[in-house]
Structure formats: C-alpha cells, structure tokens
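First the structure, in the form of structure tokens, and then the observations on it.
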Amino acid sequence: MKDKASLFAVLLDLVQSIQAAAIYPEQHPRVQALLNRLFVRIGQATGALGTLHLGIIGDHFVVDEFPFLEMNPALTKLLRDLREKGMEKISFRDGLTPGELNRFISFLATGTEDGSGRKWECISYGTIQTIGAAEPLPVGSSETLPRSHLLFGAADILKSILTALAGGGGGKPVTEGRDIVRSVMKGLREDASLIHRLLQLTQHDDYTLTHSLNVCAIVVAQASTLGFPEERLQEIGLAALLHDIGKERIPAEILQKPGRIDAEEFARMAEHPALGANILRKIDCNSDLPVIVCFEHHVRYDRSGYPKVSCREPQHVVSRMTQIADVYDALRTNRPYRKGMEMDTALSIMEKGKGTEFDPVFYENFLRTLLAGQADAGT
C-alpha cells in the first residue's frame, strides 16, 4: 500500500530545497541538510515504485497518483515557475545520485544549468499528457487533505485533553499534551513556514483549539531562537498549549457568540486566566510554568490587563512570549464578527503596543521569528 504522507513529504522537501538553494550557497548547511533529506525521501519512493512522478493538474500538484490539495504560497510559486519553464511533469527514476539531484535543484532554483553539458540520467521533465492513474478532481469534490500532515487530528485530541484536565484528570492527558508539543517542535524543525501554514488552515469548529495550537507553535518558534534546551522547549510548549484551558469553564454561549460580547460577558470571559490557573494548580504537570503562563497571559507589559495584579514583579518571560502570540493569532484569525486581518495590518496594530502592552525585546524577537518563517514560506 502506497504511503501518501511519505510521497507528499517529497514535494514539501522539494520546495524547501529549491527555496534554500535560491538563497544560500550550495555548501551552506541548510541547503545540504535539505538536499540530503530530499535525496533519502526520493530514494525510498523510487526504491518502492521504480519511478516517482510529480505532476501539475489544474492548480494543484499530483504526487504519483495522489492529488496534493494543501497548497501554500511557496508551492503556488513553484507551480507557476515550473509551468513557465514548461515543466508540468517531473519524473525521478531509481538510481538517482546525490550529484544529479543537486544539479537539478540548482537548475530549478536559478533557472540555468551548470554549463557542463551533462545529461539527466535519472530525471526527466516536460509537459504533461497523462500521469499514472491520476485524474483531476471532479468539480464539487469533497475530498480534502488533513489540515496539517504533522498535526493531523491534533485539534480533536486537544479538545479531549482540555476537557479531561478541566475535570481534574492528570497523567495521560498531560502526556498527550506533551505529544502534541513534540509534534509542533518536529514540524517547526522540518518546516520553518509551519506558523504561516497553520494560520491559513480551515478553522476547526472550536476556535480555542486552533488558537491554542497556533499560539503553541509561535511561542515554541520564538523560544527556539533564544537557545532554550529541548526539554525546556517542551515545557514552554505545554504551557502555551494550555494557556486558555480556563475557557473550559466559560459558558459556551459566550465563547460562541456570533457578535461582540457585552461588558457583563467580558467580565465573565476575563475570569478564564484565573480559572485556568486554578485547574492546572491541581494537576501534576511536572512544572509550575503552565499555571504561571495561564494566569499571566492577559497581563500586559505595563501591568495593565487582567487579572489585576498588585505586585510589581515582572511577568515570566514565557508569559510575555505567549501574550504576544495570543494577540497576534487573535488578530489574524477569522471570527464570527470580523474577518482575520492581513499580517501587515495586525503587525501595525501591535507595533503601537510595543513598550506598553508588549515587552519590546520579546516583541522584536517575535517579529524576527515571524518574518524568518514568512521568508521560508515564500510569501
């Protein structure tokens, strides 16, 4: 049985390799790491299939016989560039060498061959006539791919985790939460554009779930740039993932209200950080960090916000990163009463809060992290 996820991974690695080769010199560690991974993936596919076909059908790629529908800006750009080169189908045959693959990726990245006159031995390309058994999807087809191959089902798992924890359960739900964080960390390592892809996903029925996953990914990405060790990153990710658990105690009619909430409803909503901290305080998370972040994630850098705090001790650094990620994702996400904002609009609003609402040092780090991910996404 063919493994769709492994075949799709070839396409995702291909676009990342081309992007890296267009930016960095051939011997750059990032280029070499991506090329090595792509070579292994293609070798596994051709070892099983003999020849691996990548094709373009309409506005999507087809890998072997499977349509890939989860397009992002980088893939859309690659599709357009390949069409302009008259390359609607690329075939990789068993026996491909690292050298030939490297030359081909350089050709795709720069648009020029190396001048050596060497022919392609195990690679061919051209316009598409037929590609295996693949057919364009019929109009109105309901077939869709998971929102993210790396985080497939994570929102549904997270729902059961939050419900169990809110009911006083620990142990297994906490372990499952850490598993989601590990998936996020793996995704960020393998796909630097994961943050941007998450924000483009079809929304889950429960906003809190996709919001929690997005905030977790953004915070882990920020923390990764600050040199935290792997074990500490998992702790940070778990705290960010559970930051809104207090909303499990907020009435559904407030959480799901199609319009803006009124003053009384806002006062009830503002209880969720303290409610969540109280839930987590009774659970063994092997760390106090989830309790701290849950309580502090709506406290601003200038100590305004909520809950009201009397001491002048600064927020925990992870609370500051979570607060920034929380606001950014809320601005970017579609809500019943407004459309999600474009990135530039959201950042222009947040810029005004630097130094008052947001810690300026962590805001600048967030900005660098976000823009680095945007560059990898090809946007």
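The values are calculated or read from the model by the stated rules, or taken from the named source; none is laboratory data. Treat the numbers as computed from the prediction; the structure is a model and nothing was measured. Positions of Cβ are backbone-derived with ideal geometry, glycine not excepted, and every protein chain shown enters the neighbour counts.
Regarding region 85-95, can at least one residue be identified that is more than 17 Å from GLY126 (Cα to Cα) and in contact with a helix residue (DSSP H, G or I) (Cβ under 9 Å, 6 or more places away or on another chain)? Looking for residues that are more than 17 Å from GLY126 (Cα to Cα) and in contact with a helix residue (DSSP H, G or I) (Cβ under 9 Å, 6 or more places away or on another chain), one finds at least one in region 85-95, hence yes. Whether a residue is farther than 18 Å from ASP94 by Cβ and not hydrophobic (A, V, I, L, M, F, W, C) was assessed, and ARG37 passes this test. Residues in region 304-323 that are surrounded by fewer than 20 Cβ atoms within 10 Å (Cβ to Cβ) and at pLDDT below 90: LYS308, VAL309, SER310, CYS311, ARG312, GLU313, PRO314.
Tell me which residues, restricted to region 85-106, are within 16 Å of ILE18 (Cα to Cα) and hydroxyl-bearing (Ser, Thr, Tyr). Of everything in region 85-106, just one residue is within 16 Å of ILE18 (Cα to Cα) and hydroxyl-bearing (Ser, Thr, Tyr), namely SER106. If the condition is being β-branched (Val, Ile, Thr) and within 11 Å of PHE92 (Cβ to Cβ), then region 43-62 contributes THR46, THR51. Looking at this structure, is GLU271 at pLDDT below 90, acidic (Asp, Glu) and under 25 Å from PRO336 (Cα atoms)? Taking the combined requirement at face value, the residue does not satisfy it.
Considering only residues in region 37-73 that are in contact (Cβ under 8 Å) with a residue 60 or more places away in the chain, of a type in the set (A, V, I, L, M, F, W, C) and over 25 Å from GLY99 (Cβ atoms), the one that is surrounded by the fewest Cβ atoms within 10 Å (Cβ to Cβ) turns out to be LEU69. Selection of region 231-243 for residues being in contact (Cβ under 8 Å) with a residue 40 or more places away in the chain and out of contact with any Leu (no Cβ under 8 Å at 6 or more places or on another chain) yields LEU233, GLN234, GLY237, ALA240, HIS243.
Do we have any residue at all in region 18-36 that's in contact (Cβ under 8 Å) with a residue 60 or more places away in the chain and either among the aromatic types (Phe, Trp, Tyr) or not assigned by TED's automatic domain parsing to the domain that holds ARG103 (or both)? No. LEU96 meets the conditions (1) modelled with pLDDT of 85 or more; (2) over 22 Å from LYS119 (Cβ atoms); (3) aliphatic (A, V, I, L, M) in every case but one. The failed one is (2). Looking only at residues in region 324-365 that are in a loop (DSSP other than H, G, I, E, B) and β-branched (Val, Ile, Thr), the one that is modelled with the highest pLDDT is THR356. Sub-6 Å Cβ pairs linking a first residue in region 278-289 that is surrounded by 14 or more Cβ atoms within 10 Å (Cβ to Cβ) to a second residue that is assigned to a helix (DSSP H, G or I) and among the acidic types (Asp, Glu), at least 6 apart or interchain, are SER287/GLU235; LEU289/GLU235, ordered by first then second residue.
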